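The values are calculated or read from the model by the stated rules, or taken from the named source; none is laboratory data. Just so it is clear, the structure is predicted and the values come from calculations on it, not from any experiment. Ideal geometry is used to build each Cβ from the backbone, glycine not excepted, and the neighbour counts take in all protein chains shown.
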Amino acid sequence: MSDSVGTTERKKYLDAAKGWGILMVVFGHITKLGNPIDIWFGAYKLAVFYFVSGYLLAMRQSFRKMSTGEYIKKHAKSLLIPYFGYSAFVMIYNVIVGIMKWKSTTDIVKRFLLQAYMTFSFRGISALWFLPTLFLAQVLFIFVIKSRKELKVLAAVGTAVFTWYASVYFFPMLKQMYEGSTYKIISYPLLALSKGIVGFGFVGMGYLFYFAVLHIKQKHLKGIVGIVASIAIYLLAQRNGGVDLNLMGLGKSQIMFWFNGALGSAGTILLFEYLENWCKMEFLSFCGKNSLIIMATHGTLGFKGLVINGWKSMYTLSNVAGLRYYLECTGILAELMLIECGVIAVVKNCFPWLEGKPFRKKER
């Protein structure tokens, strides 16, 4: 496949990179925070989605053929319609579960209103928060890439300064000033905006990275760099500590946060581009193509908890990080992904708009 600018072909190695990213996300929701593997994955498991988005924007340049309004409308359909659709499903599901559990009407209504506010503030229910932040990141990028050079430089510097201030000072201060419902009302939309700005930073890095490696034709060199980057990111991630982008927890060092996210994402793309010559990577590509569905459903409808509790009752789940613990978590991941394969089939055949696609016309 050609890597020429303007191509619209799907790149299997990019789908595989997103597939690896979503597996890291789901694995991180299974494991307990603080173990070395989770810290390693946390350093770049979400950055890779923003990074690949920027890489694809550079590769295809399709946004240059659209007005800003057309671009926003296109991505609103592909990201925001699924976001609100899944959120509606989750809220209705939780109301039904609440009724089945004989919870009071007050508790059911309170939860419904909270989740409604989380949805419309773009805070998102569970992992659904990622969809509007990706939308915000892409929209910000389009505004900046079509602007003057001076504004591009200002946006790059401003993103780094804003992220540092928000994570180190603003949100910790906000949490001290307000408690409970007041903190949620104020912080939810601000968290969504902040994560969108962080995502914008990685989209920009992915965009620039495409041009940086465009003329490197030595596939073995890309493979070596990818392997070295993957090893290096494990060691660097341990130094920066746990990263939780959902709550704007970016580790001990802002510089390491950005560096680790970019290095891990770039290394993943290069490694899978090399591996594409040796194996088909069908499963990873499948996960990447359907990462939106997996992201939106693995935790919101209780599948993750169902599999974890089922695994505990049938087998065991160690409380100590080690080889046994990671193998057990991998087993849980495998079972959860089997469920997700069924969910993906249902969405594709019955609710295509939940993956940002129009309804198919019925064949006569």
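Please find, among K73, K65, K110, K77, the residue that is more than 29 Å from V144 (Cβ to Cβ) and surrounded by fewer than 19 Cβ atoms within 10 Å (Cβ to Cβ).
Details: K73 fails: more than 29 Å from V144 (Cβ to Cβ); K65 fails: more than 29 Å from V144 (Cβ to Cβ); K77 fails: more than 29 Å from V144 (Cβ to Cβ).
None of the other options fit; the residue is K110.
Of the residues Y44, Y86, only one is part of a helix (DSSP H, G or I) and in contact with a helix residue (DSSP H, G or I) (Cβ under 7 Å, 6 or more places away or on another chain); which?
Y86 is the lone residue from the list that is part of a helix (DSSP H, G or I) and in contact with a helix residue (DSSP H, G or I) (Cβ under 7 Å, 6 or more places away or on another chain).
For region 96-103, does any single residue satisfy the condition of being modelled with pLDDT under 95, among the basic types (K, R), surrounded by 13 or more Cβ atoms within 10 Å (Cβ to Cβ) and assigned to a helix (DSSP H, G or I)?
No, region 96-103 has no match at all.
With the requirement that a residue be more than 18 Å from I37 (Cβ to Cβ), surrounded by 12 or more Cβ atoms within 10 Å (Cβ to Cβ) and of a type outside the set (V, I, T), what does region 306-327 give you?
Taking region 306-327 first, the residues more than 18 Å from I37 (Cβ to Cβ) are 306-307, 309-310, 312-316.
Of the ones still in play, those that are also surrounded by 12 or more Cβ atoms within 10 Å (Cβ to Cβ) are 306-307, 309-310, 312.
L306, N309, G310, K312 - these are the residues of region 306-327 that are more than 18 Å from I37 (Cβ to Cβ), surrounded by 12 or more Cβ atoms within 10 Å (Cβ to Cβ) and of a type outside the set (V, I, T).
Going residue by residue through region 203-223, is there one that turns out to be among the β-branched types (V, I, T) and at pLDDT 95 or above? Can you show your working first?
Of all residues in region 203-223, those among the β-branched types (V, I, T) come to 203, 213, 216.
Narrowing further to those that are at pLDDT 95 or above: 203.
Checked against the condition, which is being among the β-branched types (V, I, T) and at pLDDT 95 or above, region 203-223 yields at least one hit.
Within region 268-277, identify whether any single residue is without any contact (Cβ under 8 Å) to a residue 24 or more places away in the chain and surrounded by fewer than 17 Cβ atoms within 10 Å (Cβ to Cβ), and answer yes or no.
Pass one, region 268-277, residues without any contact (Cβ under 8 Å) to a residue 24 or more places away in the chain: none.
Scanning region 268-277 turns up no residue that is without any contact (Cβ under 8 Å) to a residue 24 or more places away in the chain and surrounded by fewer than 17 Cβ atoms within 10 Å (Cβ to Cβ).
Between G21, G54, G69, which is more than 20 Å from G199 (Cβ to Cβ) and part of a helix (DSSP H, G or I)?
On the way: G21 fails: more than 20 Å from G199 (Cβ to Cβ); G54 fails: more than 20 Å from G199 (Cβ to Cβ).
Answer to the selection: G69.
Which residues, taken from region 108-164, are in contact (Cβ under 8 Å) with a residue 60 or more places away in the chain, out of contact with any Ser or Thr (no Cβ under 7 Å at 6 or more places or on another chain), not charged (D, E, K, R) and not in a helix (DSSP H, G or I)?
Those that are in contact (Cβ under 8 Å) with a residue 60 or more places away in the chain, out of contact with any Ser or Thr (no Cβ under 7 Å at 6 or more places or on another chain), not charged (D, E, K, R) and not in a helix (DSSP H, G or I): S121, F122, G124.
Looking at region 120-151, which of the residues that are of a type in the set (S, T, N, Q) and crowded, with 22+ Cβ neighbours inside 10 Å is farthest from A88 (Cα to Cα)? Show your work before the answer.
Our first condition is that a residue be of a type in the set (S, T, N, Q); within region 120-151, this holds for 121, 126, 133, 138, 147.
After this cut, where a residue has to be crowded, with 22+ Cβ neighbours inside 10 Å as well, the list is 133, 138.
Details: T133: 18, Q138: 24 Å.
Per the stated criteria, the residue is Q138.
In the list G34, G42, which residue meets the criterion of being crowded, with 16+ Cβ neighbours inside 10 Å and either in contact with a strand residue (DSSP E or B) (Cβ under 8 Å, 6 or more places away or on another chain) or not aromatic (F, W, Y) (or both)?
Numbers: G34 fails: crowded, with 16+ Cβ neighbours inside 10 Å.
G42 is the lone residue from the list that is crowded, with 16+ Cβ neighbours inside 10 Å and either in contact with a strand residue (DSSP E or B) (Cβ under 8 Å, 6 or more places away or on another chain) or not aromatic (F, W, Y) (or both).
In region 189-225, what residues are within 14 Å of V52 (Cα to Cα) and β-branched (V, I, T)?
Listed by number, the residues that qualify are V203, V213.
Restricting region 328-338 to residues that are in contact (Cβ under 8 Å) with a residue 24 or more places away in the chain and under 12 Å from T31 (Cα atoms), which is surrounded by the fewest Cβ atoms within 10 Å (Cβ to Cβ)? Talk me through it step by step, then tell me what you get.
Our first condition is that a residue be in contact (Cβ under 8 Å) with a residue 24 or more places away in the chain; within region 328-338, this holds for 329-330, 332-333, 335-337.
When the remaining residues are screened for being under 12 Å from T31 (Cα atoms), the result is 329-330, 332-333.
Working: C329: 23, T330: 14, I332: 22, L333: 19.
Checking each candidate, the answer is T330.
If only one of L208, L221 is free of Cβ contacts under 8 Å to residues at least 12 places away in the same chain and assigned to a helix (DSSP H, G or I), which one is it? I'd like the intermediate steps shown before the answer.
Details: L208 fails: free of Cβ contacts under 8 Å to residues at least 12 places away in the same chain.
One residue alone meets the criteria, L221.
Determine whether A232 is touching a Ser or Thr at 6+ places or on another chain (Cβ under 9 Å) and in a helix (DSSP H, G or I). Can you show your working first?
On the way: touching a Ser or Thr at 6+ places or on another chain (Cβ under 9 Å): no; in a helix (DSSP H, G or I): yes.
Spelling it out, it is not the case that A232 is touching a Ser or Thr at 6+ places or on another chain (Cβ under 9 Å) and in a helix (DSSP H, G or I).
Among the residues of region 220-236, count how many are surrounded by fewer than 13 Cβ atoms within 10 Å (Cβ to Cβ) and either of a type in the set (S, T, Y) or more than 23 Å from the chain's Cα centre (by Cα) (or both). If you could, list the steps in order and put the result at the bottom.
Here is the first cut: in region 220-236, the residues surrounded by fewer than 13 Cβ atoms within 10 Å (Cβ to Cβ) are 220, 231, 235.
Filter once more, so that each one left must be either of a type in the set (S, T, Y) or more than 23 Å from the chain's Cα centre (by Cα) (or both): 220.
Selection size over region 220-236: 1.
Output the qualifying pairs, or none if there are none: Cβ atoms under 9 angstrom, residues six or more apart or on different chains, first residue in region 300-326 and closer than 22 Å to V95 by Cβ, second residue hydrophobic (A, V, I, L, M, F, W, C) and assigned to a loop (DSSP other than H, G, I, E, B).
Once the first residue is closer than 22 Å to V95 by Cβ and sits in region 300-326, its partners that are hydrophobic (A, V, I, L, M, F, W, C) and assigned to a loop (DSSP other than H, G, I, E, B) give T300/I125.
Sort out for me the helices (runs of 4 or more DSSP H) sitting completely within region 237-299 that have 3 or more residues that are under 26 Å from L214 (Cα atoms) and within 16 Å of the chain's Cα centre (by Cα). Steps first, please.
Values: elements: 254-275, 282-289, 291-297.
Ranges flagged: 254-275, 282-289.
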